[in-house]
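A short write-up of the structure that comes next.
No value in this document is a laboratory result; all are computed from the given coordinates. Predicted, not measured: the structure shown is a model, and the values here were computed from it. Here the Cβ positions follow ideal geometry from the backbone for every residue, glycine too, while neighbour counts run over all protein chains shown.
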Amino acid sequence: MTNLQSTAYFLPELLITGFAVLIVLIDVFIGRAGRNRVIWTLSLTAVVVVGVALYVQPVPGEALFYGSLAADPFSRFFKWIFLLATAIIYFISPYTRQLKDTAQNEYYLFLLLVMLGMFLMASALDLIIIYLSIEIVSIGSFVLAGFLKSDRLSNESSLKYVIYGAFSSGIMLYGLTLLFGLAGSTSIFDVQEALANLPQGSELMALVALVMILVGFGYKISMVPFHFWTPDVYQGAPTTITAYLSVAPKAAGFALLLRVLGITFGADPSIPWEEWVPLTGLPFGVLIAVFAALTMTIGNVLAIQQDSVKRMLAYSSVAHAGYMLMAVTLMNAQALQAIMFYLAVYLFMNLGAFVVAIVVHNQFGYDDIDDWKGLGFKIPLIAVPMGIFLFGLTGLPPTAGFIGKVYLFAVLIAAKQFWWLAVVGVLNSVVSLYYYMRILKVMFMDGEPVDKTVSDHPAMTATVLALMVPVLLLGVYWSPLLELIRSSLRIFSPGL
Amino acid sequence: MGAYVLTILVFLPVLGAAVILLVPKGRGTWYRWIGAAFTGLQLLFAVWLYAAFDTSTSAFQFTQLAVWIEQFDINYHMGVDGLSMPMVFLTALLSFVSVIASWNITKAPRGYFSLFLLLDAGMMGVFVSLDFFLFYVFWEVMLLPMYFLIGIWGGPQRQYAAIKFFLYTLFGSVLMLLAMLALYFYSEPHTFSLITLITEAPKISVILWGFDMKWLIWFALFIGFAIKVPIFPFHTWLPLAHVEAPTAVSVILAGVLLKMGTYGMLRISYPLLPDQATAFAFSLAVLGVINIIWGAANAIAQEDLKRMVAYSSISHMGFVLLGMAAVVSPSLGGAQAGMNGAVLQMFNHGCITATLFLLVGVIYDQAHHRYLYYPKDYEDEALRGQVGFGGLATHMPIFAGFIALSFFAGLGLPALSGFISEAMCLIGGFTAFRTLTIIGTLGILLNATYFLRAFQTMFLGEPNEKWAGLKDMSAREIGMLAPLAVIIILLGVYPRPALQVISVTMDYLIQLVTAVGPMAGM
């Protein structure tokens, strides 16, 4: 599709860009007083407007911009996730004490730009776009992580993030150039064709490219061993940003990983996704399975030792990437469905847990788990939902987290492959119970409530309760979400 | 009413919990009354269910079937048969009694009673589910309130006890989850229905890691259930959890939760994997005998009355296992005696152990200790090694009477319910595994040892001046124990009301397990 035709299907992204420009301009023209409020309203409006544009936008039959972007239902599902996460973070930001004395114009602006990057990540069909979109997200995230300029931890987090980001995207870029060298084209479909026609015995080439690309993608989803930035960045960044990073860019990373790896390293793009198989001779499943096992085990084991709730949740988010990677080993339609389901559920659970952390942080300024003592009876409206989020993250019924995990395990068992990985996965669930319950133990069982008055902004309580509803509801009745995901499982392919 | 009675039984407590949460904070006694009202109503429904239960058929009754998740073929499927009926009744009865026993809870009563009712709902759900997915959800849902009930309202080591219980059981249930998914995906058509799987599961023929898939499923299920029973060596969570839990929760733990393990085996492992069940029977009998002896031997060594009762549970559950193993008995009569005895023992032990824990609670509430002998490392040096009580019978005659009844029921005295079911398990076991059963019989002797010794040190001998001020049981305490005592005596002299419910279903189950497999018939 030509550039001009494409813009009609590119409206959400254009709107985001437009609003970003608007925020910059308003920043210049409006005085300091009340500026945060105006920009906040404008940003929320932007999310709503983009949401409407996304909703009404038709599905094009072709790829946009001469085959570099797909506006298929698959990308649209992920865009909904990004919008939802951004909206929630926008909504709670004015009630976050950490951000009180900061000029928030840049904060909102960069969140919007990160969202733009993620929109592109979910749609990318071209090696250049892949790299650019990842960089847009990364650079925005670097700024946001270091947003608390006078906070040493925040600065450290930003710097670590930059170094790790530069390193891993450098390696990924090398992998991408290898692919370009093989195919002579930046389209992932051409690359697939080139890889499929590699002469016998040169599969190593594909494997090297795969591993290098995995470094970049793995960095985005916090896959072990490319997770080292996660705890420090999560701990140092403003908690709203931590919450955001743990959900949205991770989802974007998975969108990219599923589409790009699925197409590039699939045996044949004309085979339906139901029967996806990797390129012949490429140990795709085993490679991912090893990464998955490492990711969830190391994430969970290290989470046990943490005394900072944010660090604990950081390692837990590493572990959750591992659970989802379990399904990537097979990459078939059922796996995509399970991962998309899990991401949707994970959005609510993890954001919920972080919003509770923000509430506690607002009140006490603590991040040490022992300071959560006795909160259970002090603020039950926050603490009980926290219990539900943590049960969800552990994967216990009747929460949606359980259903999500069942689907992930079901992928391996239905395929009758990688049984050992399923066993590792369930054992990890048991391990994770220990540290999630530790938070609840401290809140409900350790001593008397701390002697401080606790009252939080009703908007925060409302957010927590609103996030709890889907976690419970989708745990009892999840057919509608499943339907939505099934209808979103249409991934663009030029042949179809 | 018949069509919805099971849904009512399961969700009535949930409604009760919601009502409690809607009542504002600080209404001291309201919560327990609401709790009593809802569990009492549930008990009435359970009594009605028992009265309306058709004892002439092994088919599921009062069934309910609704599509839950269409895309995954998960159904809201409930029903009761002769196996679940006694358990449903037991759950309703003990839940009600436990709420009465929790009358004096002062710490956060609102949370306590709402969690208790959720626990009740979870247990009830396990016993009426006919869909594996539904079963699993209820099985897990029950863990959450249990964790908090032990962890918040328990004894000094409550936190450790609670997390140990939780981790153990979750470990078992995640293996069960894998087994459940394997059963679903390897059966044609894919189904979670425990009824359809009876015919489909035996047809699974997959080899994994050189093992028959069915054996792997069997072991995954077995570990999940064995942890609940608990079967040696998975029993180490039990003494801790039972001792640390508040009285009412110990009653539920020992009275109902342990039965879920054996219930799960009889409901899922036996009918779905009959070949494995028969091949494993001897091992099960060995484990049962180990449980009997090990539990009793440990009970003898205890200085703490509650720990003693906790270990006696392990011993008594051993009889259930022995009875279940007798399904392979060459004589039909032996198999029937064993299987009927097993289910009856599940019910009887529920009543007896509940009585025991309640009585321990009665004395502990007043004396704030429950040592038969003070331990060697007791904080007060003068008391170390001394008798904890003594001569209580003189001024607590009613209490002594109830204790005597429950102790004698526990050690298997004829004319009390425990005798009938233990004897049936042993008779069944004897027809199948002669030597093992003879060893198991020693357990009765050991049981008598510790129960009689405990009775002697507490109630007989010189009255201990220190405890002269203890009052006898209150009307509330008598009221909550009387129904259990009546059942213990009634089923001891006339077990027919229980056995007629159980026997037809057990006949069907025996035939299902021992019949030649469907593949061989072709």
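Within straight cross-link reach of B:Lys164, meaning Cα distance under 20 Å, which lysines are found once same-chain residues fewer than 8 apart are removed?
Of all the lysines, those that pass the test against B:Lys164 - Cα under 20 Å, at least 8 places apart if same chain - are A:Lys441, B:Lys228, B:Lys259, B:Lys306.
Listing B:Cys351, B:Cys425 from the residue with the fewest other Cβ atoms within 10 Å to the one with the most, what is the order?
Values: B:Cys351 25, B:Cys425 32.
Ascending Cβ contact count within 10 Å gives the list B:Cys351, B:Cys425.
Can you classify the range B:62-118 as rounded, prolate or oblate using the Cα gyration tensor, where a ≥ b ≥ c are the square roots of its eigenvalues, rounded means a/c under 1.5, and otherwise it's prolate if a/b beats b/c and oblate if not?
In terms of gyration-tensor shape, oblate.
Stretched out fully, how many nm does the piece from B:Thr441 to B:Val486 gain, at 0.36 nm a residue minus the Cα gap? Present the calculation step by step, with values, prior to reporting the outcome.
On the way: separation 45, 0.36 × 45 = 16.20 nm, distance 2.68 nm.
Gain on stretching B:Thr441 to B:Val486: 13.5 nm.
For the pair B:Val47 and A:Ser270, what calculated FRET efficiency results from E = 1/(1 + (r/R0)^6), where r is the Cβ-Cβ distance and R0 = 60 Å, to the nearest 0.05?
That pair, A:Ser270 with B:Val47, gives E of 0.40.
What does the highest-first list of B:56-64, B:23-31, B:142-150 look like by mean Cβ count within 10 Å?
Details: B:56-64: 16.3, B:23-31: 12.1, B:142-150: 25.0.
Listed from highest to lowest mean packing, they are B:142-150, B:56-64, B:23-31.
Loop by DSSP (not H, G, I, E, B), at most 16 other beta-carbon atoms within 10 Å: where is the longest site-free stretch of chain A for chymotrypsin sites (Phe, Trp or Tyr not before Pro)?
With a cap of 16 other Cβ atoms within 10 Å, the longest stretch comes to A:67-227.
Across the residues of B:178-191, average count of Cβ atoms on other protein chains within 10 Å?
Working: counts 8, 1, 4, 9, 6, 1, 4, 6, 3, 0, 0, 0, 1, 0.
Average neighbour count from other chains, rounded to a whole number: 3.
Debye calculation, C-alpha points only, no solvent: report log10 I(q)/I(0) for the range A:109-183 at q = 0.12, 0.21, 0.27, 0.28 Å⁻¹, in the same order as the q values.
Each listed q maps to, in turn, -0.38, -0.91, -1.16, -1.19.
What distance in nm lies between label points placed 7 Å from Cα along the C-beta direction at B:Ile198 and A:Ala196?
The answer from the label model is 5.0 nm.
With every atom except the alpha carbons ignored, what do you get for Rg and Dmax of the range B:369-505, in angstroms?
Values for the range B:369-505 (Cα only, Rg and Dmax): 18.7, 59 Å.
Based only on Cα atoms, what mean projected area does the convex hull of the range A:79-233 have, in nm²?
One quarter of the hull surface, i.e. the mean projection, equals 9.8 nm².
How large, in Å, is the range B:176-273 by the Kirkwood hydrodynamic radius built from its alpha-carbon pairs?
For the range B:176-273, inverting the mean 1/r across all distinct Cα pairs yields 14.6 Å.
Relative to the compact-globule scaling 2.2 N^0.38 Å, provide the ratio for the alpha-carbon radius of gyration of the range A:241-390.
Normalised by 2.2 N^0.38 Å, the Cα Rg of the range A:241-390 equals 1.24.
Working from Cα positions, state the angle (0 to 90°, nearest 10) between the long axis of helix B:5-22 and the longest principal axis of chain B.
50
Could you check the spin-label model distance between B:Asp54 and B:Gln386? Points 7 Å from the Cα along Cα→Cβ, value in nm.
6.5
Could you compute Rg(Cα) / (2.2 N^0.38 Å) for the range B:109-249, with N its residue count?
Taking N as the residue count of the range B:109-249, the ratio is 1.18.
Find which of B:Gln276, B:Leu405, B:Gln456 sits farthest along the positive direction of the dipole of the range B:274-513, computed with +1 on the beta-carbon of Lys and Arg, -1 on that of Asp and Glu, about the Cα centre.
So the residue furthest toward the plus end is B:Gln276.
I need two numbers for the range B:274-513: Rg to one decimal and Dmax as a whole number, Cα atoms only, in Å.
My reading of the Cα-based Rg and Dmax gives 19.2, 62 Å.
Going Cα to Cα from B:Lys214, which lysines come in below 19 Å? Please leave out same-chain ones fewer than 8 positions away.
Hits, sequence-local ones excluded: A:Lys416, B:Lys203.
Could you work out how much longer the chain between B:Leu512 and B:Tyr364 gets when fully extended? Use 0.36 nm per residue separation minus the Cα distance between them, nm to one decimal.
Stretched fully, the B:Leu512-B:Tyr364 segment lengthens by 48.6 nm.
For chain A, what does the convex hull of the Cα positions come to per residue, in cubic angstrom? Walk me through the intermediate numbers first.
Numbers: hull volume 64.9 nm³, N = 496.
Here the figure is 131 Å³ per residue.
Select from A:Leu336, A:Gly253, B:His235 the residue farthest towards the positive end of the dipole of the protein assembly as shown; place +1 on Cβ of Lys and Arg, -1 on Cβ of Asp and Glu, and compute about the Cα centre.
The listed residue farthest towards the positive side: B:His235.
Across the protein assembly as shown, how large is the tail of the calculated P(r) beyond 52 Å, expressed as a percent of all Cα pairs?
Within the protein assembly as shown, distances greater than 52 Å cover 26 percent of Cα pairs.
Partner chain Cβ atoms within 10 Å, averaged over the residues of B:156-164 - can you pull that number for me?
Average per residue, whole number: 2.
Reported to two decimal places, what Rg/Rh ratio describes chain B when computed on Cα atoms with Rh from the Kirkwood expression? All intermediate terms of the calculation are to be shown ahead of the outcome.
Working: Rg = 22.3 Å, Rh = 23.1 Å.
Taking Rh as the inverse mean 1/r over Cα pairs, Rg/Rh reads 0.96.
More than 18 Å apart: what percent of Cα pairs in the range B:425-522 qualify?
Of all Cα-Cα distances in the range B:425-522, 76 percent exceed 18 Å.
Pick out, in residue order, every one of the chymotrypsin sites (Phe, Trp or Tyr not before Pro) in the range B:159-268 that is DSSP loop and has at most 16 other C-beta atoms within 10 Å; say none if there are none.
Taking the range B:159-268 and a limit of 16 other Cβ atoms within 10 Å, the loop chymotrypsin sites (Phe, Trp or Tyr not before Pro) found are B:Trp209.
Output the peptides B:401-410, B:307-316, A:423-432 sorted from most to least packed, where packing is the average of other Cβ atoms within 10 Å over each peptide's residues.
My ranking of the peptides, most packed first, is B:307-316, B:401-410, A:423-432.
R0 = 35 Å: FRET efficiency of B:Lys25 with A:Lys100, Cβ-based, nearest 0.05?
Once rounded, the FRET efficiency stands at 0.65.
Need one number: the % of Cα-Cα pairs in the range A:283-496 sitting beyond the 30 Å mark. Could you put the intermediate results ahead of the total?
Details: 5883 of 22791 pairs.
Here the long-distance tail beyond 30 Å is 26 percent of all Cα pairs in the range A:283-496.
Let me confirm one metric for peptide B:165-177, namely the mean number of other chain beta-carbon atoms within 10 Å of its residues' beta-carbons.
What the average comes to for B:165-177 is 5.
So what's the angle, to the nearest 10 degrees on a 0 to 90 scale, between helix A:458-476 and the longest Cα principal axis of chain A?
Result, in degrees: 50.
Do any trypsin sites (Lys or Arg not before Pro) in the range B:363-426 lie in a DSSP loop with no more than 15 other beta carbon atoms within 10 Å, and if so, which?
Answer by residue number: B:Lys376, B:Arg384.
Taking R0 as 60 Å, what FRET efficiency do you get between B:Val67 and A:Ile139 from their Cβ-Cβ distance, rounded to the nearest 0.05?
With a Förster radius of 60 Å, E is 0.75.
For a paramagnetic label modelled at 7 Å from the Cα of A:Tyr66 toward its Cβ, which residues of the range A:121-164 fall within the zone defined by backbone nitrogen distances under 19 Å?
Correct set: A:124-133.
How much length is gained on full extension from A:Arg37 to A:Ser308, taking 0.36 nm per residue of separation minus their Cα-Cα distance?
So the chain would gain 94.4 nm between A:Arg37 and A:Ser308.
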